[in-house]
1. Which of the following residues is open to solvent by 50 Å² or more (accessible area, probe 1.4 Å) and more than 26 Å from the chain's Cα centre (by Cα): Trp380, Trp367?
2. Restricting to segment 433-453, count the residues that are surrounded by 13 or more Cβ atoms within 10 Å (Cβ to Cβ) and either touching a strand residue (DSSP E or B) at 6+ places or on another chain (Cβ under 9 Å) or of a type outside the set (Val, Ile, Thr) (or both).
3. Looking at (1) within 29 Å of Ala30 (Cβ to Cβ); (2) out of contact with any Leu (no Cβ under 8 Å at 6 or more places or on another chain); (3) of a type in the set (Gly, Ala, Ser), which is the one condition that is false for Ser158?
4. Looking at segment 245-266, which of its residues are more than 21 Å from Gly37 (Cα to Cα) and of a type outside the set (Ser, Thr, Tyr)?
5. For the list (1) assigned to a helix (DSSP H, G or I); (2) at pLDDT 85 or above; (3) not hydroxyl-bearing (Ser, Thr, Tyr), I need the number of the one condition that Phe242 fails.
6. If Phe392 satisfies every condition in (1) under 30 Å from Phe287 (Cβ atoms); (2) open to solvent by less than 60 Å² (accessible area, probe 1.4 Å); (3) of a type in the set (Phe, Trp, Tyr) but one, which is the exception?
7. Identify all residues within segment 144-167 that are open to solvent by 20 Å² or more (accessible area, probe 1.4 Å), in a helix (DSSP H, G or I) and within 19 Å of Phe325 (Cα to Cα); write none if there are none.
Amino acid sequence: MPSTTIASSASGAATPSPAFWSSRLAFILAAAGSAVGLGNIWKFPYITGENGGGAFVLVYLACIAVIGIPVMIAEVMLGRRGRQSPINSMREIARQEGVSRHWKALGWLATLAAFLILSFYSVIAGWTIPYIFHALQGNLVGVDGAAAGEMFGQLLASPVELTLWHSLFMLLAVLVSVGGVRQGLERAVTWLMPALLLLLVMLVGFGMSTDHFGTALRFLFEPDFSSLTAAAVLVALGHAFFTLSLASGSMMAYGAYLPKGVSIVRTSLLVAVMDTAVALMAGLAIFPIVFANDLEPGAGPGLIFNTLPVAFGQMPGGSFFATLFFVLLLFAAWTSALSMLESVVKWLEEQGLARRKAAITGGLAAWTVGLTTVLSLNVWSGFTPLDSFERFEGKTLFDLYDFLTANVMMPLVALLTAVFVGWVMQRCSSEDELGAGRTHRLWLFVLRYLTPVGLVVLFLYNL
């Protein structure tokens, strides 16, 4: 177990001194695990299908470079410089820089976003577990569109079943978090990330064996800019920082455990490359199956749970590959949930709770809020509390949580991070963490001038 020596914080409160990742590779696997989640394997393929394929992918990659990577570097740097939870790291850095203590609100907003996302993310991630059992039992064999839709509908209609899978998934996250940095988080991602990549390679290999792999390649990598809309550009922009697990305190929390001698820039680039590669590989695994079965690539959120089961049910060895696919989804969601929970657990530790109690308390609180998402999918589906506002008419609690976090809180956190690091922090402070030179100047220019523009446009569009 890592050291739990108690150190005094700036406010006088006793806080645990930071543990550290055992190696640069451990941090890369953990950060990549945080970034690689349902957004890569569930969301990226269907939004690519909805927005025309190759041209959207190019814009997405550009947004990763201009928005995602600069903000990731900034967040990891803030975490390592503060060496505490996002909340207390921002308080400490604001004190060091001699600026308003109200910048601590940035840490609060990021942690609250992580907590709220985790509450409903656990419910969605829980959907993968019954589908693993469906695949193992051969329930997908010969299933048609109507049967697949009925299977998914029955799952969503049952608050008891949804609560069971939501509880099991949250328990998986808490069990890892209890072990701390070395024995919990690091040990888990050391096994889960290679397993995830192996499963994905196997699924891509299957896609290559079909007659439609070339069609999938062309769809993903031959840009047709005539199909690209302004809305598609903004979708790519929003997904660029969502997929990298930014603006939720996760990278700040993990950055707090990064040893001083490790290059933040090179490490962040590797994490971004790994995350993007997984998203593209997910497309290469899914689209050959979609095209081989004459399915619609722009099938929307139902692509995974309504459309793909039909494809798996019709192809040779479908039960085996369906099992691999839903296990892959579970692993990806698990590694992301760990980082969101860590933002909360680290802060609870700083309030004096032991690691075990902090992990259980944070997980139980997110699980409780998650029950409102469970109920909004069935019993409370008619409860749409903001119908008086046209923008929110017909939105359930789950819809509102999703809108608030993805369209308001995360863009705002990313924007405030860019402003704080780019304009408020002294340049010598970021040079101390990243090193001086051409790379630092380029990063600072992008963070100051290009990243905020993109985030402001996205924020206004979402509102």
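1. Of the residues listed, the single one that is open to solvent by 50 Å² or more (accessible area, probe 1.4 Å) and more than 26 Å from the chain's Cα centre (by Cα) is Trp380.
2. Total satisfying the criteria: 10.
3. So Ser158 meets the others, but not (1).
4. Across segment 245-266, the qualifying residues are Ala256, Leu258, Pro259, Lys260, Gly261, Val262, Ile264, Val265, Arg266.
5. (2)
6. For Phe392, the failing item is (1).
7. Gly145, Gly149, Met151, Phe152, Trp165 - these are the residues of segment 144-167 that are open to solvent by 20 Å² or more (accessible area, probe 1.4 Å), in a helix (DSSP H, G or I) and within 19 Å of Phe325 (Cα to Cα).
Okay, residues lined up against (1) aliphatic (A, V, I, L, M); (2) within 24 Å of the chain's Cα centre (by Cα); (3) part of a helix (DSSP H, G or I):
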site: Gly394; (1), (2), (3): no, no, no
site: Phe398; (1), (2), (3): no, yes, yes
site: Tyr401; (1), (2), (3): no, yes, yes
site: Asn407; (1), (2), (3): no, yes, yes
site: Leu412; (1), (2), (3): yes, yes, yes
site: Val421; (1), (2), (3): yes, yes, yes
site: Cys428; (1), (2), (3): no, no, yes
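The values are calculated or read from the model by the stated rules, or taken from the named source; none is laboratory data. No experiment lies behind these values; they were computed from the predicted model shown. As a convention, Cβ positions derive from the backbone with ideal geometry for all residues, glycine included, and neighbour counts pool all protein chains shown. Side chains are part of the model used for accessible areas, which takes the heavy atoms of the whole protein and leaves out ligands, DNA and RNA. Shrake-Rupley method; radii C 1.70, N 1.55, O 1.52, S 1.80 Å.
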